[in-house]
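One structure is given here, and the rest of the page talks about it.
The values are calculated or read from the model by the stated rules, or taken from the named source; none is laboratory data. Worth saying up front: this structure is predicted, and the values here are computed from it rather than measured. Note that we place each Cβ from the backbone using ideal geometry, even for glycine, and neighbour counts take in every protein chain shown. Protein only, heavy atoms only, side chains kept; ligands, DNA and RNA dropped before computing areas. Shrake-Rupley method; radii C 1.70, N 1.55, O 1.52, S 1.80 Å.
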Amino acid sequence: MRAEQISIFLENKSGRLAEVTRILSENKINIRALSVADTSDFGVLRLIVDDNERASRALKESGFTVGKTNVVAVEVPDQPGGLYNILTILQNGNVNVEYMYAFVQQSGSNAVMIFRFDHTDDALKLLQDNGVTVIEGRRLYTL
Amino acid sequence: MIYDIEYETMPREALEAIQLRRLQTTLERAYATVPFYRKKFTEAGVMPGDIKSLKDLRHLPFTTKQDLRDNYPFGMFAVPMDTVVRIHASSGTTGQPTVVGYTARDVNTWATLMARSLAAGGATRGDIIHNAFGYGLFTGGLGVHYGAEKLGASVIPVSGGNTKRQITIMKDFGPTIITATPSYVLHLAEIASELGVDFKDLSFKFGIFGAEPWSENMREEIERKLHLKAVDIYGLSEVIGPGVSVECHEAQQGMHIAEDHFIAEIIDPESGEPLPYGETGELIFTSITKEAFPVLRYRTRDITAINPEPCICGRTLVRMNKVSGRTDDMLIIRGVNVFPSQIESVLMETEDVEPHYQLQVDRVDNLDKLTVMVEVGEHLFSDTVRPLQEIEKKITKNIKETIGVSAQVKLVEPKTIQRSEGKAVRVIDNRKL
Ligand SMILES: [Zn+2]
């Protein structure tokens, strides 16, 4: 039920993010979701793309450091309190969210959030036990 | 085993008396027979007779690598060519090679020092020595060879290269000691593992490695992969070759200097002033028994410190630490001498960090500012920011603690560090001094 995210180390200087998107576009890879965490010196770019293997190979060949991480894509009901309910479930279950970001496409009428947990397996079980819909990686890449 | 009990365990007082007598003889001979030394002494206003104690050595001028180059090829020889029986030369990667000569007695002295060194590293008469140091103008191969024969061990003069054949020899001849450069021996281990040969099944007990700087981490790696105890050996052809100093396998902590043949000093590379035991500076050697090629206060450009503490092996000879850098690369940052190699070892000792780095020095508001740029490889990388920031902090702290200088650590993308002719540019000094 996990999805795979690739992450890229970027120096904090102009043009680096554009360079990543250029390489991906040249390789006909679609970016489905993106988030950047940065400090004054460097940033970590996280991406959900439609072909992880090809994307990380292309980026590595261009000299980037690329990592892979398991994340969880969760359907969030498009109504007030939708995200709050999910976060409450996680908090009560003692699962920590390292970070999260929104997925571009909706799943039906629901929003999709990408979560990175400290303990992915515990989080998955907790979410499923509480009836939260988790989107499988394969489906996510083609949403 | 101690090969030369008398000299290697001699009480310090007796040793120093011998050193002074041998030094005075060497000075007289060098002054009389080498025009270069006569000129240097005259310019410095000293005569051999002025040196009345070992402390007076500091009044003598230094000899540099450039001096040797200026006298290429035989200008520094102190004997006529008909008594020179051997010639070696350094590779000369940066300029003219330096050429050194040996009389028959010098060759014998060197063989004795190498027999001592091999014994200190664990070898005995009964051992078979796989000598993978290169034979030729380089002193490594022949140095070990003569020492092994003097010791009475069986030496396999396999030399460098042809790694697969070396592995066959190791399997078939069962050598118990290996001598090589540390980088070659790691290469050998890699090829052996590709060929499915496990060193556990070979007969090695000890390895004696040198001719290039290596770290404690490399020692651990070599010992683990080759199933042997590894010691460090030091030497340079200008002084005599390998065997100038060697670690004992009992302590594996610093190389005992053959002080009955060479007087070692540590100086501040900037001021040239001698430094006391324990302080880090440039290593200086004066040969006191060599006939063909005496060197007086030779500046090795190697950075180390001397430890006079007694050793568990029983040798009374002082020990020098692993060479931690070269004076050529030295940076002075806010008055502290910093060597790129020191930063490198801090990085190597920090988990997940690879030693791909560059130092940048700037002057900001009249203060030196050191920035250490470290490439982020796959082991170091994380999809969250915090571990990366923690690594930055950890490296900063380790540099401060081990080198005593404040640095700003900056993580950079791989391959951003400039490389010139395949070699990384380690230092960019932007100070306009
Ligand atoms: Zn010892």
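Let me confirm something: among A:122, A:118, which residue is within 11 Å of chain B (Cβ to nearest Cβ) and farther than 30 Å from residue A:15 by Cα?
Selected residue: A:118, the only one of A:122, A:118 that is within 11 Å of chain B (Cβ to nearest Cβ) and farther than 30 Å from residue A:15 by Cα.
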If we keep just the residues of the stretch B:372-391 that are more than 8 Å from chain A (Cβ to nearest Cβ) and part of a helix (DSSP H, G or I), which is nearest to the chain's Cα centre (by Cα)? B:391
Residue check, residue B:360 within 14 Å of another protein chain (Cβ to nearest Cβ) and at pLDDT 90 or above: yes
Among the strands (runs of 3 or more DSSP E) contained in the stretch B:245-335, which hold 3 or more residues that are within 16 Å of the ligand (Cβ to nearest atom) and away from chain A (no Cβ under 14 Å)? B:255-257
Here the residues within the stretch B:212-238 that are in contact (Cβ under 8 Å) with a residue 60 or more places away in the chain and over 12 Å from the mean Cα position of the chain (by Cα) are B:216, B:217, B:229, B:231, B:238
Filter the stretch A:21-40 for residues that are within 14 Å of chain B (Cβ to nearest Cβ), open to solvent by 30 Å² or more (accessible area, probe 1.4 Å) and touching a strand residue (DSSP E or B) at 6+ places or on another chain (Cβ under 8 Å); the one that is nearest to residue A:4 (Cα to Cα) is A:34
Test: residue in the stretch B:155-171 that is in the same structural domain as residue B:121 (by TED's automatic domain parsing), charged (D, E, K, R) and surrounded by 16 or more Cβ atoms within 10 Å (Cβ to Cβ): no
As an exercise: evaluate residue B:357 against (1) open to solvent by less than 70 Å² (accessible area, probe 1.4 Å); (2) within 25 Å of residue A:69 (Cα to Cα) and give the number of the one condition it does not meet. (2)
Among (1) open to solvent by less than 60 Å² (accessible area, probe 1.4 Å); (2) not in a strand (DSSP E or B), the one test that residue A:60 misses: (1)
The condition from (1) more than 30 Å from residue A:130 (Cα to Cα); (2) touching a Ser or Thr at 6+ places or on another chain (Cβ under 7 Å) that residue A:72 misses is numbered (1)
Only one of (1) open to solvent by less than 50 Å² (accessible area, probe 1.4 Å); (2) in contact with a helix residue (DSSP H, G or I) (Cβ under 6 Å, 6 or more places away or on another chain) fails for residue A:75. Which number is that? (2)
Being buried (at least 19 other Cβ atoms within 10 Å of the Cβ), among the β-branched types (Val, Ile, Thr), modelled with pLDDT of 95 or more and over 25 Å from the mean Cα position of the chain (by Cα) narrows B:85, B:46, B:100, B:34 down to just B:34
